[in-house]
1. Counting only residues that are closer than 17 Å to SER399 by Cα and either aliphatic (A, V, I, L, M) or surrounded by fewer than 17 Cβ atoms within 10 Å (Cβ to Cβ) (or both), how many does region 31-43 have?
2. Have a look at LEU314, LEU320, LEU310 and point out the one that is open to solvent by 20 Å² or more (accessible area, probe 1.4 Å) and either closer than 18 Å to TYR131 by Cβ or out of contact with any Pro (no Cβ under 8 Å at 6 or more places or on another chain) (or both).
3. Between a residue in region 165-189 that is among the aliphatic types (A, V, I, L, M) and any residue that is assigned to a loop (DSSP other than H, G, I, E, B), which pairs come within a Cβ distance under 6 Å, given they are 6 or more apart or on different chains?
4. Those residues that are open to solvent by less than 90 Å² (accessible area, probe 1.4 Å) and outside any loop (DSSP other than H, G, I, E, B), I need them from region 53-70; list them, please.
5. When SER67 is evaluated against the numbered criteria (1) small (Gly, Ala, Ser); (2) touching a Gly at 6+ places or on another chain (Cβ under 8 Å); (3) closer than 19 Å to MET344 by Cα, which criterion, by number, is the only one it fails?
6. On the basis of being among the basic types (Lys, Arg), within 30 Å of LEU52 (Cα to Cα) and open to solvent by 20 Å² or more (accessible area, probe 1.4 Å), does ARG378 make the cut?
7. Of the numbered conditions (1) within 16 Å of VAL441 (Cα to Cα); (2) without any contact (Cβ under 8 Å) to a residue 40 or more places away in the chain; (3) in a helix (DSSP H, G or I), ALA372 satisfies every one except a single condition; which is it?
Amino acid sequence: MFASPRKMKIKRIFANLPGIFLAFLSSSLKFKAFTQTSFANGWDSYFYLVQLKSLVEEGSLHSKDYSLIYPFLKISNWFCGGYILSLKLFSALVVGGVTLLLYLIAKRWSGSIYLAIFVGSISVFSPHLTYFSAQYSKNLLGFLLFLIFVYSISGKRKWIKGALLLLNFFSHKMTFGLTMIFGFLMLLFKKLTKKVASYLLPGLLLLLGLSYFIPGLPSWIDLARFKDVFTVTPQFAPLSFVVDFGQNGRISQLWLGELIITSMIYFLSIPFLFKTNKKAFCWSLFIVCSLLLFPFFKWSLTGMSYRFFLIYVLLCPLFLSLLIEQKEAFRQRVLILAASVLFMVGSIFSYKSYNPELHDPNYKNYEKLTKAAFEILRDKPSELIIAHNSLAEFFTFASGLDAMPWLPEYDIDQNKLWRIATDVRQSDLENYLDSEEMSLVNRLSVKYFLLPEHLWQQLLKRAEIDENNYLLEKVSSWRNPDQIRPDFLLKKKN
């Protein structure tokens with residue numbers, strides 16, 4: 001006799017209980033990591049909080065960036081009643097979803113609950129995932145939707161795949177690209193039919209049309225981001241990351257161990273590509289990971305190579321679910337479960353690999369700077385404040401005044417345009433500005449000054465005439481924005 005649908009559903013739920021437990025553990029530990037600080041986590045967080053605050057209080061976004069993250073943040077805020085807490089809760093729940101999806105994908109691909117638990121336990125342990133989820137909430141949501149697409153791709157309901165592709169389109173540009181590549185590779189390995197192709201092309205054209213009219217969505221304009229991203233000198237991203245990012249103890253021993261293990265998994269999977277019965281999944285995953293690890297990407301902690309590398313590390317454990325074709329022997333099961341327990345025990349310590357003091361901006365200092373600047377600007381005309389990245393977003397969130405890490409591309413009254421400058425000394429200011437001009441300069445802290453933008457430009461011109469290359473070099477960094485927004489950002493904004 002066949003089991004009833006209800007019994008089948010109950011059986012499926014019980015079979016996924018280990019994954020649900022791992023997801024709960026992952027969410028709890030990540031949330032504990034996030035709450036190590038009372039400020040928001042990550043460099044981009046206050047941009048999302050400015051958007052959320054505007055959406056809740058004014059009914060519209062502060063900047064035109066139509067993404068799925070904002071409705072979810074609004075729901076989270078409805079439960080929490082606090083902007084910062086709502087972002088932490090949202091990220092913790094999404095990272096739990098990531099752990100659950102990694103478990104489910106591994107279980108579906110391998111047919112083994114033991115390997116699925118192993119892959120899920122690596123996700124619970126992962127210091128890399130903790131850092132990624134703290135720093136990049138929007139990317140995290142996109143990565144979750146990408147994993148849901150990967151899980152669903154072996155299913156029979158084509159409309160679900162189409163819906164997930166659309167959701168990825170509205171979530172994040174990079175993960176949407178990965179979704180397209182993975183889906184295309186699966187079609188190639190499973191033989192692309194004319195019927196599928198007849199639906200695929202019009203669908204892509206429709207999405208491109210939407211991206212032209214709706215700001216924030218992927219479009220051809222985003223290809224400008226890939227300008228100057230390639231180099232003739234090869235590099236190995238995991239090594240580049242450790243050397244570049246690992247300074248000042250920012251990479252813990254547990255995190256370093258994870259990076260070594262995931263790199264070993266990637267290279268050890270190569271011989272199995274030619275033996276596995278799951279060629280479509282295995283080759284698609286390998287090609288995607290290889291693209292993320294492409295050695296001729298120019299390495300930079302602010303570039304595409306860095307963002308690609310972050311995703312690569314999170315995907316590598318899925319190779320484990322493709323390495324064993326048959327049901328494991330008893331000894332293998334014991335070893336896999338023992339390794340899983342070891343990773344889960346290690347997770348009690350690994351979540352602290354994310355350290356807000358090392359990995360986040362100095363928000364405590366930004367809070368002091370914002371209060372001091374706001375008191376000065378309270379009685380002065382001001383339309384825009386130029387400040388470096390993260391400080392600008394924090395300033396906008398905390399004060400309600402507009403700030404951005406770019407020079408304005410539009411006309412603005414010079415008496416209403418201010419700058420929070422840094423990496424300049426009081427003596428430098430006094431040397432290039434007269435006493436009347438210095439009366440408009442306000443010291444916010446030892447290293448930060450608030451002054452009208454036209455005075456800052458005067459200082460730079462006079463230092464250039466004086467051939468003071470030391471000063472010009474010192475202030476020419478991201479901490480003193482000197483560029484107008486790139487074309488692809490301006491076009492998206494318009």
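1. The first filter runs over region 31-43 and keeps only residues closer than 17 Å to SER399 by Cα, leaving 39-40.
Next, from what is left, pick out any that are either aliphatic (A, V, I, L, M) or surrounded by fewer than 17 Cβ atoms within 10 Å (Cβ to Cβ) (or both): 40.
Of the residues in that region, 1 qualify.
2. Numbers: LEU314 fails: open to solvent by 20 Å² or more (accessible area, probe 1.4 Å); LEU310 fails: open to solvent by 20 Å² or more (accessible area, probe 1.4 Å).
Among LEU314, LEU320, LEU310, only LEU320 is open to solvent by 20 Å² or more (accessible area, probe 1.4 Å) and either closer than 18 Å to TYR131 by Cβ or out of contact with any Pro (no Cβ under 8 Å at 6 or more places or on another chain) (or both).
3. Listed by first residue and then by second, the contacts come to MET186/ILE153.
4. LYS53, SER54, LEU55, VAL56, ILE69, TYR70 - these are the residues of region 53-70 that are open to solvent by less than 90 Å² (accessible area, probe 1.4 Å) and outside any loop (DSSP other than H, G, I, E, B).
5. (3)
6. Values: among the basic types (Lys, Arg): yes; within 30 Å of LEU52 (Cα to Cα): yes; open to solvent by 20 Å² or more (accessible area, probe 1.4 Å): yes.
Here the answer is yes, as ARG378 does meet what is asked.
7. (2)
For every residue, the table says whether it meets (1) out of contact with any Ser or Thr (no Cβ under 7 Å at 6 or more places or on another chain); (2) in contact (Cβ under 8 Å) with a residue 12 or more places away in the chain; (3) open to solvent by 30 Å² or more (accessible area, probe 1.4 Å).
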site: LYS364; (1), (2), (3): yes, yes, yes
site: LEU391; (1), (2), (3): yes, yes, no
site: PHE395; (1), (2), (3): no, yes, no
site: ALA398; (1), (2), (3): no, yes, yes
site: ALA403; (1), (2), (3): no, yes, no
site: LEU407; (1), (2), (3): yes, yes, yes
site: TYR410; (1), (2), (3): yes, no, yes
site: ASP428; (1), (2), (3): yes, yes, no
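The values are calculated or read from the model by the stated rules, or taken from the named source; none is laboratory data. What you see is a predicted model, and the numbers here were worked out from it, not measured in a lab. With ideal geometry, Cβ positions are generated from the backbone for all residues, glycine too; neighbour counts draw on all protein chains shown. In case anyone asks, the SASA skips ligands and DNA or RNA and just uses the protein heavy atoms, side chains included. Shrake-Rupley method; radii C 1.70, N 1.55, O 1.52, S 1.80 Å.
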